[in-house]
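The values are calculated or read from the model by the stated rules, or taken from the named source; none is laboratory data. None of the values given here were measured: they were computed from a predicted structure. Reconstructed Cβ throughout: ideal geometry from the backbone, glycine too, with neighbour counts over all protein chains shown.
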Amino acid sequence: MTAVAPIQDDLFTADVIADPYAYYGRLREQDPVHWNEKYDLWVVTRYDDLVWLTRHHELFSSAVFKNDPRPAYPAIDESDLGLYEYVKNYQGDQFIQHDRPEHLEMRRVMHGYFTPKSMEAWRPFVQAAVKELLDAAEEKGSMDVMRDLATPLPVLVIAEMMGVPREDRPYIRQLAEKLLYIGRGEYDRMKPLTEGMRGMIEYVSPLVDRRIVDPGDDFISVLARGEKQGVFTRHEVLVNPSLLLLAGHETTINLLCNGTLSFIRHPDQWALLKQDPAGAAKRATEECLRYDSPVVSIQRIASQDVELRDKVLRKGDRLRWFISSANRDPEAFANPTTFDITRHPNPHVAFGSGTHHCLGATLARVEGQEVFKALAERFPSLQVEADGLDYQPSITFRSLKSLPITWH
Amino acid sequence: MARKLRVWVDQQACVGNAMCEAIAPKVFRLNDNRQSEVVDPAADSEEKILEAAENCPVSAIFVEDAETGEQLFP
Ligand code: HEM
Ligand code: HEM
Ligand code: SF4
């Protein structure tokens, strides 16, 4: 008998960050509900477990910040603990951090704005924004997909939804970039993060005042209506616009960067997309979401004792479900490690599942489809320019640090 | 008289977001898999049913006129 090497519990080693698929894939096979000693954390890696637990929201609370007294991880600077409290408070008011019944009530205020039908109306705006960014890149002759395309695009779209005037866009972009520190493991991340959050509150506050008396069809007006109806307090209204910026920024960036990289690494699939960019973009985007998922894992807290496989999770235990391993579970997908842009059906869980299923999923899909289509049409000979590509040291997001490309 | 509707949920697409059940609870109910099932397509108004279909985040709900077969959603 060969001894099986024990599973090491440090989730931030260079190996795990560079290739989460090997590490979480091994857990999925050997110990799909794994107790991680180091972080006091259940690590759940199978597709069917993930679907089951996200759909049993009464057993697994999303109110992680309000219910988890444990310290931040990765660790933060001692002197930043006060800031961390601020962040927890700010974040705890987002509806993603609420359970039913409040969650449903809060989500319904915004849900109607994000339906597949209403988001389809944004496609022309997304197309125009993609064109503008790619025109600029073409002129320069090369680009960093991260800096020049993936980072500005979601902000342009969300700023337009908020009704932010054109001249304020650079300021919003600056705040959005500070908010991005949320998913990044830097030791001193709390300072830019809180600056971004405070900046957003200060910027949005007068907009809300205006929209309460003079509503329009923008997103701030939707929130203002929520306040008028008594669903949201003012603080909840004010933190919600950064919800769009936070929830929709790093995630969409990762879809655009990781997807572009998947195409560059799989020339046969890139050729397939180029044959019919408009026709193939939809399924191709779904496969990008599955193959190198933008979000790696999400947290919950057990609301009561729960049995999962051969383990018992105790009330108050925290757990993380891993999208990155579920989306490559051979029980759910044939040839899971193959990047196949014609895959159908493709029931990936990149957007989660259940009552918290991503509110911005349709918007993210539209942005992905329009970007991959435009790249295939305009830059048929994409290449990566750098040798080694680095990822942010995060267990939440699968984020490249940059993605420089050329097309000559 | 309200017209008769045929309403169904694509179980491959449904992610159990439960919005349909929140909007039209007499028509849609989540089953043991936490996926939506149509319990009675006549239990609420056409308007409510279309609102539920429109609010499904993954467009898993289909609605047609039971007699003419005319597609009403999506
Ligand atoms: C490719 C891009 C995206 C991915 C992969 C993604 C992924 C996810 C995931 C996995 C969740 C579930 C969280 C949980 O269960 O706790 C979620 C929730 C959410 N997402 Fe996204 N997201 C993306 C883009 C967006 C965009 C563009 C927006 C906003 C415009 C957005 C807004 C939200 C919101 C508000 C929630 C919370 C929903 C709730 O708690 O009911 N997301 N997203
Ligand atoms: C809606 C706006 C959001 C806000 C204001 C927000 C805020 C935060 C804050 C303050 C933290 C703690 C950061 C730290 O300790 O370094 C955090 C962590 C986290 N957020 Fe969000 N978040 C939002 C949306 C989302 C969405 C949509 C997702 C999922 C797609 C998500 C997933 C997570 C996860 C999994 C963590 C744990 C981070 C880690 O341990 O690496 N958040 N968030
Ligand atoms: S709204 Fe759509 S995804 Fe949600 S339960 Fe109903 S059919 Fe399923």
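As a summary of the residue check, A:G185 satisfies the conditions (1) modelled with pLDDT under 85; (2) within 16 Å of ligand 2 (Cβ to nearest atom); (3) part of a helix (DSSP H, G or I) except for the one numbered (3). Here B:A18 meets the list (1) free of Cβ contacts under 8 Å to residues at least 12 places away in the same chain; (2) crowded, with 17+ Cβ neighbours inside 10 Å almost entirely, failing just condition (1). Within segment A:367-376, identify whether any single residue is among the β-branched types (V, I, T) and more than 13 Å from ligand 2 (Cβ to nearest atom), and answer yes or no. The answer is yes; a qualifying residue exists. On the stretch given as segment B:31-59, residues that are within 10 Å of chain A (Cβ to nearest Cβ) and either under 21 Å from A:A121 (Cβ atoms) or within 16 Å of ligand 1 (Cβ to nearest atom) (or both) total 9.
Contact annotation: residue pairs with Cβ atoms under 7 Å, 6 or more positions apart or on different chains, pairing a residue in segment A:110-127 that is buried (at least 18 other Cβ atoms within 10 Å of the Cβ) with a partner that is part of a loop (DSSP other than H, G, I, E, B) and polar (S, T, N, Q), are A:P116/B:S59. For A:A376, the conditions (1) closer than 12 Å to A:L255 by Cβ; (2) aliphatic (A, V, I, L, M); (3) buried (at least 22 other Cβ atoms within 10 Å of the Cβ) are fulfilled apart from (1). Filtering segment B:1-30 to residues that are small (G, A, S), in contact with a helix residue (DSSP H, G or I) (Cβ under 9 Å, 6 or more places away or on another chain) and within 11 Å of another protein chain (Cβ to nearest Cβ) leaves B:G16, B:A18, B:A22.
A:T260 fulfils the conditions (1) more than 14 Å from chain B (Cβ to nearest Cβ); (2) away from ligand 2 (no atom under 16 Å from the Cβ); (3) surrounded by fewer than 23 Cβ atoms within 10 Å (Cβ to Cβ) except for a single criterion, (3). Only one entry of A:D317, A:D305 meets the criterion of being modelled with pLDDT under 95, touching a strand residue (DSSP E or B) at 6+ places or on another chain (Cβ under 8 Å) and more than 23 Å from A:I395 (Cβ to Cβ), and that entry is A:D305.
Output the residue which, of all residues in segment A:338-352 that are in contact with a Leu (Cβ under 7 Å, 6 or more places away or on another chain) and within 16 Å of ligand 2 (Cβ to nearest atom), is nearest to the other protein chains (Cβ to nearest Cβ). Residue satisfying both the conditions and the ranking: A:V349. Give just the number: which of (1) in contact with a strand residue (DSSP E or B) (Cβ under 7 Å, 6 or more places away or on another chain); (2) acidic (D, E); (3) within 16 Å of ligand 2 (Cβ to nearest atom) does A:E385 not satisfy? (3) is the only condition that A:E385 fails.
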